[in-house]
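A.B. asks: Submitted below is the structure of interest, expressed as structure tokens.
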Amino acid sequence: MPEFNIDKIRAAFPILSREIGNKPLVYLDSGATAQKPKAVIDRLTHFYEFENANIHRGVHYLSMNATTEYDEARETIAKAIGAPKVEEVIFTRGATESVNLVSNGLSETLVEGDEIVLTLMEHHANFVPWQILAEKKGLTLKFANVTDTGEIDMEHWKSLFSSKTKLATFTHVSNALGTINPVKEMTAFAKDKSDALVLIDGAQAVPHGKVNISDLGCDFYVFSGHKVFGPDGIGILWGRGELLNAFQPFQSGGDMIEHVSVSGTTFRQIPERFEAGTPNISGAIGLAAAFDYMENEVGWEAAEAHEQSILKYATERLSEIEGLHIRGTAPDKVGVISFTMDSAHPHDIGTILDTCGVAIRAGHHCAQPLMEHYKIAGTARASLAFYNNREDIDALITGLEKVQRFFG
Ligand code: PLP
């Protein structure tokens, strides 16, 4: 493994050397989507230049080769996330589709009066599918409060469990606050107290450090490829095989069938059961390349340590700005800094920073219930990845000083 060298790391991300309006790009929006290293871009280009073919059932070289690459991508990802069985790793379009797949599957077994325990810090992707299911099936949703520091109120969360709790679902890391939730302990509690199924939304956790799914004890874990330095349109649902194989297919068509006749159709087991139609072949291969890059070229531990040092620096610098309030101050955080300013609306902050070449996100971050809870319309959010450096933070501070001059 090469030593972690931030200049070399940055050079591996071509987009980081571009300018926006004659200013060097300062990319602080990795929570929305992460930038891609050349290793991933080259892998995609190579696939389309030399390897492109549809998978499965092909009798020619390219098809068989693409099938092998696709299958190997699943193996690489399974190993990278500690999935106990390769076939339990399902390729989806992203975290959103993964949650929808599970809610669709559970709609067969959940009955009126059953309860689902959620938290107020969920992204809409892990909120709305359950709300729709609850309305359809007469389920009760219970939401855990969030504290002023942006942590789940554990006493409140624990009090929501009952003998009717059939599912507990929570985010591993809050996209709006950066809080890392104690998901292993939460999973153990949900199992112990209610024998509930547990789905963890890992969309914001996987990009910030190595996740070992086997160690968590959960039943389902979801994330998106584009947030973990891979392509978009590809994501993962990991789930326990016996649960997934009991679900009705989410979509039907080619590849997921065992046998079709006019009198009826039988379906395959996982993973094909949930991969109807031509999948995102290059996306799967590109996502495996992203994990390979992180494992072999960067190192998750070094990436995490670097990101934490930039987070610390950023938190210190931002705390010096008068009238700026950081939302989400949990001791256990990834590189997400959400903030409001007395002088300016989040959208104005984002627009002025853009004139400085600084890309951040402003708004409710698809976490409207959380914003409602805090009685704010939204926040400005700078979100980091391991490729950010101190100069990025200095540029952010300079931009925020401009915001203050403009509105202060
Ligand atoms: N969960 C969390 C915590 C997220 O931050 C996001 C996206 O921002 C999602 C789920 C949905 O991811 P996607 O839009 O890639 O499906």
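A.B. asks: Is there a residue in the range 16-29 that is part of a helix (DSSP H, G or I), away from the ligand (no atom under 16 Å from the Cβ) and surrounded by fewer than 18 Cβ atoms within 10 Å (Cβ to Cβ)?
C.D. replies: Looking for residues that are part of a helix (DSSP H, G or I), away from the ligand (no atom under 16 Å from the Cβ) and surrounded by fewer than 18 Cβ atoms within 10 Å (Cβ to Cβ), one finds at least one in the range 16-29, hence yes.
A.B. asks: For the subset of the range 129-171 comprising residues that are among the charged types (D, E, K, R) and either assigned to a loop (DSSP other than H, G, I, E, B) or within 16 Å of the ligand (Cβ to nearest atom) (or both), which member is surrounded by the fewest Cβ atoms within 10 Å (Cβ to Cβ)?
C.D. replies: Asp148
A.B. asks: Kindly indicate which of Asn126, Asn65 is within 16 Å of the ligand (Cβ to nearest atom) and polar (S, T, N, Q).
C.D. replies: Only one candidate qualifies: Asn126.
A.B. asks: Considering every residue within the range 210-228, establish whether at least one is in a loop (DSSP other than H, G, I, E, B), of a type in the set (Val, Ile, Thr) and in the same structural domain as Ala83 (by TED's automatic domain parsing).
C.D. replies: Looking for residues that are in a loop (DSSP other than H, G, I, E, B), of a type in the set (Val, Ile, Thr) and in the same structural domain as Ala83 (by TED's automatic domain parsing), one finds at least one in the range 210-228, hence yes.
A.B. asks: Is it the case that the range 236-250 has a residue that's at pLDDT below 95, within 16 Å of the ligand (Cβ to nearest atom) and under 24 Å from the mean Cα position of the chain (by Cα)?
C.D. replies: Yes, the range 236-250 contains at least one residue that is at pLDDT below 95, within 16 Å of the ligand (Cβ to nearest atom) and under 24 Å from the mean Cα position of the chain (by Cα).
A.B. asks: A further question on this structure: Does the range 172-197 hold any residues that are more than 22 Å from the chain's Cα centre (by Cα), in a loop (DSSP other than H, G, I, E, B) and buried (at least 18 other Cβ atoms within 10 Å of the Cβ), and which are they?
C.D. replies: Listed by number, the list holds a single entry, Ala196.
A.B. asks: Being hydrophobic (A, V, I, L, M, F, W, C) and closer than 15 Å to Ala380 by Cβ is the filter here; which residues of the range 300-315 pass it?
C.D. replies: Ala314
A.B. asks: Something else now. Working carefully through the options Ala83, Ala66, find the one that is of a type in the set (A, V, I, L, M), assigned to a loop (DSSP other than H, G, I, E, B) and surrounded by 21 or more Cβ atoms within 10 Å (Cβ to Cβ).
C.D. replies: When all the criteria are applied, what remains is Ala83.
A.B. asks: Given the structure, is Ser263 surrounded by fewer than 17 Cβ atoms within 10 Å (Cβ to Cβ) and either out of contact with any His (no Cβ under 6 Å at 6 or more places or on another chain) or not assigned by TED's automatic domain parsing to the domain that holds Val89 (or both)?
C.D. replies: When the stated conditions are applied, Ser263 passes them.
A.B. asks: If you go through the range 307-326 one residue at a time, do you hit one that is touching a Lys or Arg at 6+ places or on another chain (Cβ under 8 Å), assigned to a helix (DSSP H, G or I) and not hydroxyl-bearing (Ser, Thr, Tyr)?
C.D. replies: Yes - at least one qualifying residue is present in the range 307-326.
A.B. asks: Looking at Glu112, is it charged (D, E, K, R), closer than 27 Å to Ser214 by Cβ and not in a helix (DSSP H, G or I)?
C.D. replies: No.
A.B. asks: Please work out which residue is farthest from the chain's Cα centre (by Cα), limiting yourself to the range 255-311 and to residues that are small (Gly, Ala, Ser) and more than 30 Å from His46 (Cα to Cα).
C.D. replies: Ser263
A.B. asks: Show the residue pairs meeting these rules: Cβ distance below 7 Å; 6+ apart or different chains; first residue within the range 316-336 and closer than 19 Å to Gly378 by Cβ; second residue among the acidic types (Asp, Glu).
C.D. replies: Gly323/Asp342
A.B. asks: Anything in the range 324-365 that is at pLDDT below 95 and on the phi > 0 side of the Ramachandran plot? List them, or say none.
C.D. replies: Hits for the range 324-365 are Gly363, His365.
The values are calculated or read from the model by the stated rules, or taken from the named source; none is laboratory data. Predicted model, so just to flag it, every value in this text is computed and none were measured. Every residue, glycine among them, receives a Cβ derived from its backbone with ideal geometry; neighbour counts consider all protein chains shown.
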